[in-house]
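Down below is the structure, laid out as structure tokens.
The values are calculated or read from the model by the stated rules, or taken from the named source; none is laboratory data. None of the values given here were measured: they were computed from a predicted structure. Glycine gets a Cβ as well: all are built from the backbone with ideal geometry, and neighbour counts include every protein chain shown. Accessible surface is based on the protein model in full, side chains and every heavy atom, while ligands, DNA and RNA are left aside. Shrake-Rupley method; radii C 1.70, N 1.55, O 1.52, S 1.80 Å.
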Amino acid sequence: MTTIAIVGAGPQLGSAIARTFGAQGLDVALISRNRAKLDTLVEQLAAEGITAAAFPANVLDRDALTQALKDAAAHFGGIDVLEYSPVGTFGSTALTLPSQTDPSHVQHEIEFQLYGAITATQAVLPAMREAGSGTLLYTTGAGSIDPVPEVGNVNAAAAALRNWAVNLHKELAGTGIQAAHVGIDVSIGTAVIESAAPVSPPEAISPVYWELHTTHRDQAERVFSI
């Protein structure tokens, strides 16, 4: 049995990814800030025959995130897939146009997107290197590739994560470990900003992650659009 750890697990994309991998027999470690919401998702997955467990942590707390992933590895006997897709931008930081962006507007997003991803990776990669196998998947909006002025500060941090993830893919070539970036060029479930891309249900997106884990392991990036 193998295990996927989903950092940023919630009722939309995280839930869909959990179901996609759980349906293939993987155990699921769910990591996010809210214990109550995680427990609800664990119960829903259990009702569908998927084994899952909750490990609450805030991605901005690097020690807590590292410990949550260590606890998940101990609980399930290892982590074979890491998926990083926390959501918290809207309501937690100001959204700024590029010309109005101050360094402080980007700092929170860099901590949330890039530094959180690096912390999570450092927690699981050594064991993957030892095993000679594993999958590391990082999610951003497609603004990391084709930025949108209304969220200039968020896109800047997302682009940093994308750059790092694609570079990690290059570094890990030939090791048996897949690292890839997923750029989502849709609004998931509902539109968030006026100029947002078309809306797509999360269940339409989650198979992309399974493909990167299984049949598209040579790819550093996939962009989902409709």
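Annotations
- Equivalent ellipsoid, region 34-129 (semi-axes from 5 times Cα gyration tensor eigenvalues, Å): 29, 18, 10
- Per-q log10 I(q)/I(0), the chain, q = 0.08, 0.14 Å⁻¹ (Debye; single scatterer per alpha-carbon; no solvent): -0.26, -0.83
- A viscosity of 0.692 mPa s and a temperature of 37 °C, combined with the Kirkwood radius over C-alpha pairs in the Stokes-Einstein formula, give region 128-219 a diffusion coefficient of 231 µm²/s.
- Helix-only [θ]222 nm of the chain, DSSP H runs n ≥ 4, -39500 (n - 2.57) each, per residue, nearest 500: -12500 deg cm²/dmol
- When the GluC sites (Glu not before Pro) in region 22-110 are filtered for DSSP coil states and for at most 14 other beta-carbon atoms within 10 Å of their beta-carbon, the remaining sites are Glu48.
- Take the chain with all the other protein chains still there, run a 1.4 Å probe, and you get 45 Å² of accessible area per residue.
- Surface composition of region 93-226: carbon plus sulfur atoms contribute 54% of the solvent-accessible area (1.4 Å probe, protein chains only, all chains present).
- Separation between Cα centres of region 101-155 and region 3-31, rounded to whole Å: 18 Å
- Checking every one of the GluC sites (Glu not before Pro) in region 137-226 against DSSP loop status and a limit of 14 other Cβ atoms within 10 Å picks out Glu194.
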